[in-house]
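**Student:** First the structure, which I've put down as structure tokens, then a few questions once you've had a look.
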Amino acid sequence: MILQKLVDFFYTKSYFSVFLTLFVAFLCFMPSENLPEGPDDKTAHFLAFGALSFSWLMYQKSYLKTFWMMATFAVLIEIVQYLLPEHFHRSFDLWDIFADVLGIFIGFVVGLVLNKLIK
């Protein structure tokens, strides 16, 4: 029952997805020394984009649309990080994009499994 309510929330509202997207962007654009302690950079990218793709997939219900939206977001994050001032200690990293894309696919797998469990 609780699982069904959570799924219904994701399916009908974009609030959580928008909030999560803004939160990830905030973390990606702040100076690296101000980041909270946590997993290494690639793991953080992987987990963040897994959660993002899952939440957007639950709302949009389109794998292709969600993939392109998340992949574009991943590339834009890296471009902005490249353009940030040097004292932010941020840079463009193709491995970050790779970790993001892996996270996107894991988010899709979680969404697929959850949809099978619910229906």
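The values are calculated or read from the model by the stated rules, or taken from the named source; none is laboratory data. Bear in mind the structure is a predicted one, so any value in this text is a computation, not a measurement. Ideal geometry is used to build each Cβ from the backbone, glycine not excepted, and the neighbour counts take in all protein chains shown.
**Student:** Which one of Phe49, Phe16, Phe54, Phe23 is surrounded by 13 or more Cβ atoms within 10 Å (Cβ to Cβ) and under 16 Å from Thr72 (Cβ atoms)?
**Tutor:** Phe49
**Student:** Would you check if Ile79 is in a helix (DSSP H, G or I), modelled with pLDDT of 90 or more, surrounded by 14 or more Cβ atoms within 10 Å (Cβ to Cβ) and aliphatic (A, V, I, L, M)?
**Tutor:** Considered against the rule, which asks whether it is in a helix (DSSP H, G or I), modelled with pLDDT of 90 or more, surrounded by 14 or more Cβ atoms within 10 Å (Cβ to Cβ) and aliphatic (A, V, I, L, M), Ile79 comes out as no.
**Student:** So for segment 2-18 (the condition being closer than 16 Å to Gly111 by Cα, in contact (Cβ under 8 Å) with a residue 12 or more places away in the chain and aliphatic (A, V, I, L, M)), does at least one residue qualify?
**Tutor:** Yes, there is a match, as at least one residue in segment 2-18 is closer than 16 Å to Gly111 by Cα, in contact (Cβ under 8 Å) with a residue 12 or more places away in the chain and aliphatic (A, V, I, L, M).
**Student:** Taking segment 92-119 as the region of interest, how many residues are surrounded by 13 or more Cβ atoms within 10 Å (Cβ to Cβ), of a type outside the set (A, V, I, L, M) and touching a helix residue (DSSP H, G or I) at 6+ places or on another chain (Cβ under 7 Å)?
**Tutor:** Total satisfying the criteria: 8.
**Student:** Does segment 63-76 contain any residue that is over 14 Å from Ile104 (Cα atoms), modelled with pLDDT of 90 or more and part of a helix (DSSP H, G or I)?
**Tutor:** For segment 63-76, residues over 14 Å from Ile104 (Cα atoms), modelled with pLDDT of 90 or more and part of a helix (DSSP H, G or I): present.
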